[in-house]
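J.: Structure incoming, see below.
Read the figures in this text as sums done on the coordinates, not as results from a lab. Quantities reported herein were computed from a predicted structural model and do not represent experimental measurements. Ideal geometry is used to build each Cβ from the backbone, glycine not excepted, and the neighbour counts take in all protein chains shown.
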Ligand SMILES: [Fe+2]
């Protein structure tokens, strides 16, 4: 269940745009780098245009870091037995979620469609597994330990999973821009080939929505 938790004061001002290269290989997977795929932001944060051709820009990492200051104390994410999420804010430029991870909590490999994102761990420790393509139809798998105060930023079609492999709960803040519209889910096939299992349309959330069934991880 997701609960609206709008805190406009925590939203910093937008800044400039930085983007670079992109992702995966295998049937049904997004195209590899150099074939028109957008992708991973470089620099200190994920800064994206509000929409193609728009001059309005937003710093996803700065927003996520602002919310992460207090996200660990969100009441609805205390003592949870399964992953839960709380809507922090939604605008026409981005949406922000806090996600609670009990020990053992995880999500399968997925992307965020055309959205870029920033993930900041507010408390606990998460493990991110990333899958990136090569030109030889073999995926490169990376594992990243993300502790409280640390972050990961990504561009469109970035494929990863997240898990809480520790004994303590964790809370993370996820900010996506433009707002999530689709998410695809993958499994890793033999020889490192990434296979798309399904794609979901993400229903839009409004500022006064109290719940969302869709997992925004
Ligand atoms: Fe994700």
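J.: Among the residues of the range 191-205, is there at least one that is in contact with a strand residue (DSSP E or B) (Cβ under 8 Å, 6 or more places away or on another chain), under 23 Å from residue 70 (Cα atoms) and surrounded by fewer than 22 Cβ atoms within 10 Å (Cβ to Cβ)?
T.: So far as the range 191-205 goes, yes, one or more of its residues are in contact with a strand residue (DSSP E or B) (Cβ under 8 Å, 6 or more places away or on another chain), under 23 Å from residue 70 (Cα atoms) and surrounded by fewer than 22 Cβ atoms within 10 Å (Cβ to Cβ).
J.: Give the range 127-177 a look and list any residue that's within 15 Å of the ligand (Cβ to nearest atom), in a loop (DSSP other than H, G, I, E, B) and at negative phi, or say none.
T.: Within the range 127-177, 155, 156, 158, 159, 164 qualify.
J.: Name, by its number, the condition in (1) over 12 Å from the mean Cα position of the chain (by Cα); (2) surrounded by fewer than 21 Cβ atoms within 10 Å (Cβ to Cβ); (3) within 14 Å of the ligand (Cβ to nearest atom); (4) part of a strand (DSSP E or B) that does not hold for residue 186.
T.: (2)
J.: Given the residues 89, 122, 98, which is the only one that is within 15 Å of the ligand (Cβ to nearest atom) and either part of a strand (DSSP E or B) or touching a strand residue (DSSP E or B) at 6+ places or on another chain (Cβ under 9 Å) (or both)? Full working, then the answer.
T.: Numbers: 89 fails: within 15 Å of the ligand (Cβ to nearest atom); 122 fails: within 15 Å of the ligand (Cβ to nearest atom).
None of the others qualify; the one that does is 98.
J.: Sticking with this structure for a sec: Go through (1) farther than 22 Å from residue 116 by Cβ; (2) in contact with a strand residue (DSSP E or B) (Cβ under 8 Å, 6 or more places away or on another chain) one by one and return the number of the condition residue 155 breaks.
T.: Of the numbered conditions (1) farther than 22 Å from residue 116 by Cβ; (2) in contact with a strand residue (DSSP E or B) (Cβ under 8 Å, 6 or more places away or on another chain), the odd one out for residue 155 is (1).
J.: Restricting to the range 65-77, name every residue that is touching a residue at least 60 places away in the same chain (Cβ under 8 Å) and out of contact with any strand residue (DSSP E or B) (no Cβ under 7 Å at 6 or more places or on another chain). Even if it seems obvious, please write down each step before you answer.
T.: We begin by selecting, within the range 65-77, every residue touching a residue at least 60 places away in the same chain (Cβ under 8 Å); these are 65, 67-68, 70-72, 74, 76-77.
Within the range 65-77, 70 is the sole residue that qualifies.
J.: List every residue pair whose Cβ atoms lie under 6 Å apart, where the two residues are 6 or more positions apart in sequence or sit on different chains, the first residue falls within the range 108-119 and is under 19 Å from residue 196 (Cβ atoms), and the second residue, located anywhere, is more than 10 Å from the ligand (Cβ to nearest atom) and not in a loop (DSSP other than H, G, I, E, B).
T.: 108/185; 109/186; 110/185; 111/184; 113/182
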